[in-house]
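The values are calculated or read from the model by the stated rules, or taken from the named source; none is laboratory data. Owing to the predicted nature of the structure, the values given are computational and were not obtained by experimental measurement. Note that each Cβ is placed from the backbone with ideal geometry, even for glycine, and that neighbours are counted across all protein chains shown. Quick note on the areas: whole protein, heavy atoms, side chains included, nothing else; ligands and nucleic acids left out. Shrake-Rupley method; radii C 1.70, N 1.55, O 1.52, S 1.80 Å.
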Amino acid sequence: MASDGARKQFWKRSTSKVPGSIQHVYGAQHPPFDPLLHGTLLKSTPKVPTTPVKAKRVSTFQEFESNTSDAWDAGEDDDELLAMAAQSLNTEVVMETAHRVLRNHSQRQGRPAPQEVPTPKPELQPVAEPPPALTGDLRLVKSVSESHTSCAAESTSDPVPLQRSQSLPHSATITLGGTADSSTPGSSALSEREASRLDKFKQLLAEPNTDLEELRKLSWSGIPKPVRPMTWKLLSGYLPANVDRRPATLERKQKEYFAFIEHYYDSRNDEVHQDTYRQIHIDIPRMSPEALILQPKVTEIFERILFIWAIRHPASGYVQGINDLVTPFFVVFICEYIEEDDVATLDISRVPAEVLRNVEADTYWCMSKLLDGIQDNYTFAQPGIQMKVKMLEELVSRIDEPVHQHLDQHEVRYLQFAFRWMNNLLMRELPLHCTVRLWDTYQSEPEGFSHFHLYVCAAFLVRWRKEILEERDFQELLLFLQNLPTACWGDEDISLLLAEAYRLKFAFADAPNHYKK
């Protein structure tokens, strides 16, 4: 095991080579990271709950987690409970909603519901105060990985008894639009539910002034494919809430982007910018899905987007990893004009040139909005990523100490696997359709790409708890963490991951404040 002195040297060496490290290629000039200037990422003043909370035993959260372990169903309760993440609720409201979920779930399973104080039927009204952090030494005693439904091939060879997944519907073939395969049992009920949710979205989007808070609440549990492009543009801040101003805003921003192209793009051959353009040209073919990315028109669009962004953001310039953040926006926005479900095999040459121009401009501006909130991830020395990786390490040590100690015992450093999780927002770890579903929630969650992503990464690590603890070799353990088996994942897996992340956020809300070194 490395000594404390060796660890300090590891963090101080800015030239150390670690797996997943990125190389700056343009204009990465930035003042040294100053904690005083970035204090909002490290500190947040805890607020006093508006309602008195009775003292609870230390085991309260464990009991709550145990009672609800099979209630994270992808049914009608999903909207009711998961949508809480878009609003700040106090403990009383959270527990009231959870009891309702338990009662409904117990009725569907045909067993008596737990005794509780009757709750009113109308929908809950959100309150302004955030949920207070639970007290006590709260630690997860069960891993999702111990009861998670695996791929069909794995489930036949590994008859592990299911626990949490017993109450879940059979896995369905999920498309980018989030609809189930018609041959799957229960798909008709899901279709009715999706149709109802789609109507809610359409009503919100058609209002003269869209209620963005209500739109975030509704989007937390996933956005239907037909309304996803417009919803993303609104939630990212690219388009205004006023419906009458949207066409003029779109036209103006699209013209502004192509003015940048006309003014800057020819400079890619200048000596000062050659390294930037060459690196972009090398990185794009490495992206996924290959069938889409390797089409010449797509390559040209991505090169223009990334080069213009680098020119207009000299504090960071282009950095490897930014290229991956273009794909979800491009895929979602192109789906507005096509009918194919499998975007990876789409022939872009059949899409009209005017449509591609609009999609390119919209992708550029929405990607820019995203990067505005995490740009310190890509400035000199990547202070944002290094801080988030350290915060993840501290958070996991509190959530699941055995996993943390196991990694430390085998000298696996979080930076060696979590750097890419922060740099690429888990895009290299998940199938594309799962990334799109994940970003539905990130768009609706306050500081989703910067703050909530930390809890998702923690839940992602704990999800593989059983497999991690079984690995006894440094190389095998690191290879597993760098190549997690998520190829079979669908929307249901992402919903479970997000539910776990939100529960971690509720239970360990003071985690960013705890790390003050």
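What order do you get for 355-361, 478-484 when each peptide is scored by the mean count of other beta carbon atoms within 10 Å, highest first?
For the peptides 355-361, 478-484, the packing ranking is 355-361, 478-484.
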For this session: Count charges around Lys233 for me, please; just the other residues with Cβ under 12 Å from its Cβ, Lys/Arg as +1, Asp/Glu as -1.
Result: +2
For this session: Output the Cα-based Rg and Dmax of the stretch 337-454 in Å, rounding Rg to one decimal and Dmax to a whole number.
Result: 18.1, 57
Exercise. Which translational diffusion coefficient, to the nearest whole µm²/s, is obtained for the stretch 183-334 from the Stokes-Einstein equation, given a Kirkwood hydrodynamic radius over C-alpha pairs, 25 °C and 0.890 mPa s?
Worked result: 136 µm²/s
For this session: Roll a 1.4 angstrom probe over the protein heavy atoms and tell me the percent of accessible area of the stretch 244-390 that is carbon or sulfur.
Result: 49 percent
Exercise. At what distance in nm do the modelled label points of Ser196 and Ala315 sit from each other, each positioned 7 Å from its Cα along Cα→Cβ?
Worked result: 4.6 nm
Exercise. How much accessible area per residue does the stretch 420-501 have, in Å², with a 1.4 Å probe?
Worked result: 29 Å²
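Take the alpha carbon gyration tensor of the stretch 293-377, find the square roots of its eigenvalues, order them as a ≥ b ≥ c, and report rounded if a/c is under 1.5; if not, report prolate when a/b exceeds b/c, else oblate.
prolate
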Problem set entry | Accessible area per residue in Å² at 1.4 Å probe, computed on the stretch 250-289 | 64 Å²
Exercise. Using bins 5 angstrom wide from zero, how does P(r) for the stretch 418-465 break down, in % of all Cα pairs?
Worked result: 5, 22, 31, 31, 10, 1
Seminar exercise, completed: Sorted on mean Cβ neighbours within 10 Å (highest first), peptides 432-444, 463-475, 496-508 come out as 432-444, 496-508, 463-475
Exercise. Share of the stretch 392-445's accessible area from carbon and sulfur, percent, 1.4 Å?
Worked result: 39 percent
For this session: Order these peptides, 259-266, 347-354, 397-404, by their mean beta-carbon neighbour count within 10 angstrom, highest first.
Result: 397-404, 259-266, 347-354
Exercise. Can you tell me the Rg and the Dmax, both Å, for the Cα atoms in the stretch 417-514?
Worked result: 13.5, 40
Problem set entry | Inter-site label distance for Ala241 and Ala353 at 7 Å from Cα along Cβ, in nm | 4.0 nm
Seminar exercise, completed: Output for the stretch 306-353: GluC sites (Glu not before Pro) sitting in coil per DSSP, at most 11 other Cβ within 10 Å, listed by number, reads Glu339
